[in-house]
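Each remark here refers to the structure printed beneath this line.
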Amino acid sequence: MAIRKIGIIMNGVTGRMGTNQHLMRSIVAIRSQGGIPLPGGDTLLPDPILVGRDEHKLRALAETHDIERWSTNLAECLANPEDEIYFDAQTTTRRADALRAAIRAGKHIYCEKPIATDVSTALELAELADHAGVKHGVVQDKLFLPGLLKLKRVIDSGFFGRILSVRGEFGYWVFEGDWQTAQRPSWNYKKEDGGGIIVDMLCHWQYVLDNLFGRVTSVSCLGAIHIPERVDEQGQKYTCTADDAAYATFQLENGIIAHFNSSWAVRVYRDELLTLQVDGTHGSASAGLRECKVQSRVNTPRAVWNPDVPNPIRFQENWMDVPDNGAFDNGFKAQWELFLKHVVLDTPFRWNLYEGAKGVQLAELGLQSWAERRWLDVPLLTGSKED
C-alpha cells in the first residue's frame with residue numbers, strides 16, 4: 001500500500017487549455033482525489049513541474065494549486081530522470097522541437113493536438129518515439145465527452161441499422177476583442193503562428209469519425225476568414241490571416257457521408273456548442289457535449305412539405321433521451337488517467353502519435369482542398385499503425 005509518484009513535465013500550462021483542462025481539471029483533480037488506484041493497493045500520484053516562458057504566471061499558477069515545482073528552463077527539466085513524462089500544450093509551431101528534445105531525453109510523450117504543423121513532421125515524431133522506445137499519446141478529448149460516449153453506446157447496440165450520414169455543427173461567436181474581450185487567443189487567427197480552425201478542428205473530426213464511424217477516405221473543404229480584423233490581448237488591431245470557419249465534407253470507407261460546419265463566427269441556436277446528428281435506416285440520434293437523443297423509425301413522424309399551413313408536428317417531441325447509466329468524469333482527466341496507467345502498467349492506449357499524425361494529415365488535406373477547390377483522397381499513412 002504505497003504511494004508511487006510519477007514526475008510530469010507540463011510545458012505550456014499557462015495557456016487557456018493547459019491551465020483549465022490539463023492542470024486544474026486533470027492533474028490537480030487527480031491529486032485532490034488522492035491519486036489513481038493501482039492493482040495490488042498502491043496509488044499513483046502525479047508530481048508535476050510547470051514549465052513555460054513567463055516566470056510570474058508560472059509562480060502564481062503553482063502557488064494557486066499547491067504545486068511545489070516550476071521552471072522556465074526546459075532543458076534542465078528534461079535532464080531530471082525523476083520526471084518520466086513530458087506533456088506539451090504549447091502553440092503548435094513550438095511543439096515539434098520540444099517533443100524531439102523530450103524524446104532524446106527518454107521521456108514518455110503526451111501532447112495536445114495538432115502534434116505538428118505538417119504530416120511529415122508528425123510522422124517523424126511518431127517514428128522517433130518508437131525508435132527511442134518511449135510510450136506516446138495524443139489528447140483526443142472529444143471521444144470522452146458524455147454525449148459521444150452515449151452515442152457510441154447507441155452505435156454499438158445496432159440501433160441505427162445501416163448508418164447513412166453524420167452532420168456536425170460546431171462553434172460559437174468569438175468576440176472581436178474591441179468591445180468585448182475575445183474568448184480565444186489572437187494566435188488562433190494568424191496563419192504564421194499556426195492558427196486556423198481547419199488546422200484545429202479537422203484534427204478533432206478525424207479521430208471522432210475514425211473511432212465512431214469509419215476511416216475517412218476523401219475530403220472536400222472550404223475555409224473562410226469571415227472576420228478580417230480583430231483586437232489582440234494588448235488592445236492592438238491586427239489582420240486575421242487564418243481561417244475562422246470551415247465547411248468540410250468527408251467520405252468514409254463504409255459509404256457514410258459526413259459533413260461538419262466549424263466556425264468561430266456563428267451565433268449558437270442549438271442545445272450545445274457541438275451537435276452531431278447521425279441518420280440510419282432504422283433510427284437517428286442527435287448527440288452533444290453531454291446529451292444524446294434518439295428517434296427510431298417507428299417513432300418517426302410523417303412529415304409532408306406544405307408551407308401554406310402551420311406546421312402540425314412538434315418534431316423534437318418525438319425524440320427520447322439516452323440515459324446516463326453511469327457517472328462521467330472530465331474527458332481530459334479520464335484520458336490522462338488512461339495514459340498514466342499505460343506508462344506505469346503497460347495497459348493499452350491506442351491514441352498514440354501515429355493517430356495524431358492522421359489528424360494532421362486530414363487538416364493538411366483540408367487546407368489543400370480549399371486552396372485547389374477540389375476533392376482529395378486521404379491515403380493510408382506510410383508507417384502508421386492502422387488497425
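Descriptive notes on the structure:
- Between the Cα long axis of helix 146-156 and the first principal axis of the chain there is an angle of about 60°, rounded to the nearest 10.
- Antiparallel bridge percentage (DSSP; both residues within the stretch 19-176; nearest 5): 15
- GNM flexibility winner over the chain from His22, His131, His204 (Cα, springs under 10 Å): His131
- Computed over the chain with a Gaussian network model linking Cα atoms closer than 10 Å, the most mobile of Ala122, Ala303, Ala258 is Ala303.
- Separation of alpha-carbon centers, the stretch 249-271 and the stretch 35-80, rounded to whole Å: 38
- Degrees separating the helix 92-104 axis from the principal Cα axis of the chain, which is the longest one: 50
- The stretch 197-215 versus the stretch 316-387: alpha-carbon centroid distance in Å: 6
- A simple spin-label model places pseudo-atoms 7 Å from Cα toward Cβ; at Asp118 and Leu222 they are separated by 2.8 nm.
- Ranked list, fewest to most other Cβ atoms within 10 Å of each Cβ, for Ile3, Ile163, Ile225: Ile3, Ile225, Ile163
- The packing ranking of peptides 143-149, 60-66, 315-321, highest mean first, is 143-149, 60-66, 315-321, where packing means the average number of other beta carbon atoms within 10 angstrom of each residue.
- DSSP-defined antiparallel bridges as percent of all bridges, the chain, nearest 5: 55
- The dipole here belongs to the chain: it is taken about the Cα centre, uses +1 on the Cβ of Lys and Arg and -1 on the Cβ of Asp and Glu, and is about 660 debye.
- Computed [θ] at 222 nm, helices only, for the chain once each DSSP H run of length n ≥ 4 contributes -39500 (n - 2.57): -8500 deg cm²/dmol
- Restraint check, Lys135/Lys333; Lys150/Lys333; Lys135/Lys191, Cα-Cα greater than 27 Å: Lys135/Lys191
- Once Rg and the Kirkwood radius are both taken over the C-alpha atoms of the stretch 113-219, their ratio Rg/Rh works out to 1.03.
- Between helix 353-372 and the chain: long-axis angle, C-alpha atoms, 0 to 90°, nearest 10: 50
- Long-range Cα-Cα pairs in the stretch 61-172 (distance over 20 Å), rounded percent: 57
- Histogram of C-alpha separations across the stretch 202-277, 5 Å bin width, %: 3, 13, 21, 19, 16, 13, 8, 5, 2, 1
- Close amide-amide hydrogen proximity is noted between Lys113 and Val139, each under 5 Å apart and 5 or more residues distant or on a separate chain (H modeled in the peptide plane; Pro and chain starts excluded).
- Here is the tail figure for the stretch 186-233: Cα pairs spaced more than 11 Å apart come to 74 percent of all pairs.
- Size descriptor, Kirkwood hydrodynamic radius, that averages inverse alpha-carbon separations across the stretch 1-137, Å: 15.3
- Between Asn11, Asn261, Asn211, the residue with the greatest mean-square fluctuation in the GNM of the chain (Cα pairs under 10 Å linked by springs) is Asn211.
- Ranked for footprinting exposure by Cβ neighbours inside 10 Å, fewest first, Arg153, Arg230, Arg162 give Arg162, Arg153, Arg230.
- Ranked for footprinting exposure by Cβ neighbours inside 10 Å, fewest first, Lys293, Lys5, Lys150, Lys57 give Lys5, Lys57, Lys293, Lys150.
- Going through [x] 21.9, 74; [y] 20.2, 62; [z] 22.5, 92, the figure that equals Rg and Dmax of the Cα atoms in Å as computed for the structure here is [x].
Throughout, read-outs are computed from the coordinates displayed, never taken from laboratory work. Since this is a predicted model, take the numbers as computed values, not measurements. FYI the Cβ positions are ideal-geometry reconstructions off the backbone, even for glycines, and counts take in every protein chain you see.
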